There are 2 protein chains.
Amino acid sequence: MKIITITGYKGGVGKSTTAIHLATYFSEFYQTILIDGDPNRTALSWAERGSLPFTVADERQAMKQVSGAEFIVIDTPARPNSDDLKELAKGCDLLVLPTAPDILSLQPMLETAKDVGEANYRALITIALPPPNKDGETMRQDLKEGGIPVFNTIVRRTVGYQRAALEGKPIRDLSDSRLRAAWQDYKKLGKEIQEVIHGR
Amino acid sequence: MKIITITGYKGGVGKSTTAIHLATYFSEFYQTILIDGDPNRTALSWAERGSLPFTVADERQAMKQVSGAEFIVIDTPARPNSDDLKELAKGCDLLVLPTAPDILSLQPMLETAKDVGEANYRALITIALPPPNKDGETMRQDLKEGGIPVFNTIVRRTVGYQRAALEGKPIRDLSDSRLRAAWQDYKKLGKEIQEVIHGR
């Protein structure tokens, strides 16, 4: 059984969207469950509005629903402190930290990450503007230079995620093929994660 | 796999003590794990000071540690709202609600329990003074008359629990046989719970 946990330094950085799309990716290979531990219950609401290709469990019922799962994605509240981050990291195979390419997020991220130390985590740049805008790639380089492990994949901003949330689907399953294109980002990210957790 | 969850209307009602002693009882029959979901981390500290006959897992690592468990005891934060209570109840085989024999606790308990409705829960009178004091039994009757399912077992107050907490043991394992006597209360409660969850 593999566990990945998604947490974030601030709200609004695509944390629940990332949890949902990674669970979608892994549900293609494994019996997957998403545990919604965010008090906003974004993932549960998403599931209730439509149909997701995996079970979403309320964290208060997680123990009961988790048996038989091969892959667990845990969505957590944002704003963990460094103690939380360490404990969360110990509880999973990989901790994913989405962050928008926003210079204000960089400093707190560098500071917290310093405390986390050797933990098995990766930062993920999300909500990046499409080229020619380079903010996402610049942030990625800044994180790397600051010693923060960061995914190669950058998740681009697209209106497709809002549509997907409204329809209660992953972006992969939207009927509009232009909106579906963004699925490639999470597919690429999913492959990167596979390599990280199986290379460990 | 069976799951019991312990929660309480207020702090200081023996919630973590109950979680630890029920986990002790069930560890005599099943591979048991206690998940500490109380931000005070009382159960984790108890375990760190000595030796408990079961694993205590930080809730942030629960998913990783729970595999193989036959019996799960979950300690939660106190002061749940009625929505929490319903969700907690759905996530377990039995929800245990410790309460001190304190008339101030009665009214909020009756109100919340009304909202919980048909859920699989039982109130538990804890920290009762020994006979001839009858506060515990009086509270038990009041709850019953108020339509609240309540355990027959009443857990008595004793200094043994403080000693047990200090030594990091369950009260069952204390060397002083007078202090050990209180173990009978949780043993009786454990049997009552066995009947409830296997009779369901």
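The values are calculated or read from the model by the stated rules, or taken from the named source; none is laboratory data. All of these numbers come straight from a predicted model, not from anything done at the bench. Don't worry about glycine lacking a Cβ; one is built from the backbone with ideal geometry, like all the others, and counts go over all protein chains shown. Surface areas here come from the heavy atoms of the whole protein model, side chains and all, with no ligands, DNA or RNA. Shrake-Rupley method; radii C 1.70, N 1.55, O 1.52, S 1.80 Å.
Across region B:1-39, the qualifying residues are those that are without any contact (Cβ under 8 Å) to a residue 40 or more places away in the chain and part of a loop (DSSP other than H, G, I, E, B), and the one among them that is nearest to the other protein chains (Cβ to nearest Cβ) is B:PRO39. Being touching a residue at least 24 places away in the same chain (Cβ under 8 Å) and either open to solvent by 60 Å² or more (accessible area, probe 1.4 Å) or out of contact with any strand residue (DSSP E or B) (no Cβ under 7 Å at 6 or more places or on another chain) (or both) is the filter; apply it to region A:49-64 and report the residue that is nearest to the other protein chains (Cβ to nearest Cβ). Restricting to residues being touching a residue at least 24 places away in the same chain (Cβ under 8 Å) and either open to solvent by 60 Å² or more (accessible area, probe 1.4 Å) or out of contact with any strand residue (DSSP E or B) (no Cβ under 7 Å at 6 or more places or on another chain) (or both), the top hit is A:GLU59. Given the structure, is B:ALA23 at pLDDT below 90 and in contact with a Phe, Trp or Tyr (Cβ under 6 Å, 6 or more places away or on another chain)? Spelling it out, it is not the case that B:ALA23 is at pLDDT below 90 and in contact with a Phe, Trp or Tyr (Cβ under 6 Å, 6 or more places away or on another chain). Taken over region B:149-200, the criterion of being open to solvent by 30 Å² or more (accessible area, probe 1.4 Å), closer than 26 Å to B:GLU111 by Cα and part of a helix (DSSP H, G or I) is satisfied by B:GLU192 alone. For region A:26-36, how many residues are over 17 Å from B:LYS64 (Cβ atoms) and buried (at least 24 other Cβ atoms within 10 Å of the Cβ)? Residues in region A:26-36 being over 17 Å from B:LYS64 (Cβ atoms) and buried (at least 24 other Cβ atoms within 10 Å of the Cβ): 1 in total. Looking across region A:77-99 at every residue that is away from chain B (no Cβ under 14 Å) and not hydrophobic (A, V, I, L, M, F, W, C), the one that is farthest from A:ILE127 (Cα to Cα) is identified as A:ARG79. May I ask you to verify whether B:ILE3 is surrounded by fewer than 22 Cβ atoms within 10 Å (Cβ to Cβ) and over 21 Å from B:GLN162 (Cα atoms)? Criteria met by B:ILE3. Kindly indicate whether A:LYS86 is under 18 Å from the mean Cα position of the chain (by Cα), assigned to a helix (DSSP H, G or I) and more than 28 Å from B:GLY37 (Cβ to Cβ). In short, no.
Between B:SER67, B:SER82, the distinction of being farther than 18 Å from B:TYR161 by Cα and open to solvent by less than 40 Å² (accessible area, probe 1.4 Å) belongs to B:SER82 only. Take the conditions (1) surrounded by 15 or more Cβ atoms within 10 Å (Cβ to Cβ); (2) modelled with pLDDT of 90 or more; A:GLY146 misses just one of them, which is (2). Against the list (1) among the aromatic types (Phe, Trp, Tyr); (2) within 14 Å of another protein chain (Cβ to nearest Cβ); (3) closer than 18 Å to B:ILE125 by Cβ, the condition B:PHE71 fails is (3). Would you say A:ARG60 is basic (Lys, Arg) and either closer than 22 Å to A:LYS191 by Cα or part of a helix (DSSP H, G or I) (or both)? For A:ARG60, the condition - basic (Lys, Arg) and either closer than 22 Å to A:LYS191 by Cα or part of a helix (DSSP H, G or I) (or both) - is met.
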